[in-house]
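Okay, structure first, notes after.
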Amino acid sequence: MARDLRPPGFRFYPTEEELLAFYLPNKLEGQRDDLHRVIPIVNVCEHEPWQLPEKAGGLCNKDTEQWFFFVPKQEKEVLGGKPSRTTTSGYWKATGSPTHVYSSTSKVIGMKRTMVFYQGKSSKGKKTKWKMNEYRSIKEELDVTNTFSIPKLQNELSLCRVYVVSGRIRAFDRRPLGVI
């Protein structure tokens, strides 16, 4: 019988700042060897989205809303090409432009790209409720007052949040309503 590794009451609802200021840098720099218990290394495009919840870290694999993965850079990307985001049954399509992620001190600490999973072949695919936010860390914080700064991304590893669209406005925000 498998033992549940989560302590009673454990919930993993990190903010974007926590993902980009703690988890991703610590994994990139090899500072913490226990992060795999919460966020494992998984190439999300080798699996269908509905298979990913069972691949989640031991402390989060029973979550019903969102799952986190460190995703290694693909060999194609290393050689300067575009990453392949196709799976056996469909593909992840980027929506919109990448956006900056800011720290609580208004510094740019990373980039975020949102993707939607489509079932079927490209151009004929059917949109699903599966979404993914891909976060990439930058080498150093940027001051938002300098609009000419271009962030240098750390591309060895990205951090992805995979989830099913719930229709709720505050799906990932677990703070009480009065807190800013």
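The numbers here are math on the coordinates, done by the rules we state, and not lab data. No experiment lies behind these values; they were computed from the predicted model shown. Please note: Cβ atoms are built from the backbone with ideal geometry, for glycine as well, and neighbour counts cover all protein chains shown.
The table that follows gives values for the structure above.
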read-out	value
Total formal charge among the other residues, if their Cβ is under 9 angstrom from that of Leu157, Lys/Arg +1 and Asp/Glu -1	+2
When each of Lys82/Lys121; Lys55/Lys139; Lys93/Lys126; Lys62/Lys121 is checked by Cα-Cα distance, pairs over 21 Å	Lys55/Lys139; Lys62/Lys121
Virtual spin-label span in nm between Gln119 and Lys82, 7 Å along Cα→Cβ	2.5
Spacing of the two label points (7 Å from each Cα toward its C-beta) at Glu18 and Glu65, in nm	1.2
